[in-house]
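Structure first, then comments.
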């Protein structure tokens with residue numbers, strides 16, 4: 001009886017390699033930032049050969065763009081934020097924003113984007129495009145609020161999550177979400193009510 005010969009290349013059947021690479025990239029970009037996360041380290045974390053990373057994504061820039069796509073679309077939460085009394089808008093926005101960040105499935109991606117935005121132009125461009133083009137513009141248009149006010153509200157929210165999740169500065173890092181909502185909501189309300 002002859003033994004079947006294995007052909008080189010990808011094994012037949014479904015594979016999770018692409019998703020494994022993306023998951024590993026999110027973790028390492030989140031932990032190390034863009035510049036310090038290497039293709040080799042991402043491949044090692046995913047349990048694949050670095051050539052497979054290049055096969056699926058090309059260069060590191062394309063892998064970063066694929067891995068760091070925002071895990072939520074504004075339309076998924078903006079309707080909820082904008083619905084209801086305008087006098088409670090700041091609280092709804094703070095609670096929704098902090099709720100997204102507290103989700104352990106989404107946080108590594110968000111942290112990776114923030115860290116990379118601070119150290120890499122591609123990361124900064126990705127964050128800028130999302131925040132200005134797909135988030136702030138929609139909120140400003142829906143509310144009729146000046147864009148400068150919307151941008152100031154975004155600065156408050158990004159500052160909170162930067163201190164809490166990226167820099168992990170106490171007592172912000174261990175503060176309860178409800179305490180942060182109570183702290184942040186009045187400031188957001190002031191910006192958004194103008």
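The values are calculated or read from the model by the stated rules, or taken from the named source; none is laboratory data. All of these numbers come straight from a predicted model, not from anything done at the bench. Here the Cβ is made from the backbone with ideal geometry for all residues, glycine too, and neighbour counts use every protein chain on show.
Observations
- Whether a residue is at pLDDT 80 or above and part of a loop (DSSP other than H, G, I, E, B) was assessed, and residue 140 does not pass this test.
- Count of segment 144-174 residues which are touching a residue at least 24 places away in the same chain (Cβ under 8 Å) and more than 20 Å from the chain's Cα centre (by Cα): 3
- Members of segment 162-184 that are surrounded by fewer than 18 Cβ atoms within 10 Å (Cβ to Cβ) and part of a loop (DSSP other than H, G, I, E, B): 167, 168, 169, 170, 171, 173, 174, 175, 176
- Test: residue in segment 150-161 that is assigned by TED's automatic domain parsing to the domain that holds residue 117 and either assigned to a loop (DSSP other than H, G, I, E, B) or in contact with a strand residue (DSSP E or B) (Cβ under 7 Å, 6 or more places away or on another chain) (or both): no
- Scan of segment 114-136 for residues that are farther than 16 Å from residue 152 by Cα and at pLDDT 75 or above, ordered by number: 114, 115, 116, 117, 118, 119, 120, 121, 124, 125
- Restricting attention to segment 84-103, the residues that are more than 20 Å from the chain's Cα centre (by Cα) and farther than 17 Å from residue 150 by Cα add up to 2.
- Residue 25 vs. criteria outside any loop (DSSP other than H, G, I, E, B) and in contact with a helix residue (DSSP H, G or I) (Cβ under 6 Å, 6 or more places away or on another chain): yes
- In summary, residue 187 fulfils each of the numbered conditions (1) surrounded by fewer than 14 Cβ atoms within 10 Å (Cβ to Cβ); (2) at pLDDT 85 or above with the single exception of condition (1).
- Any hit, segment 102-113, residues being modelled with pLDDT under 85 and over 19 Å from residue 167 (Cβ atoms): yes
- Of residues in segment 28-59 being modelled with pLDDT under 90 and in contact with a helix residue (DSSP H, G or I) (Cβ under 6 Å, 6 or more places away or on another chain), the one nearest to residue 165 (Cα to Cα): 30
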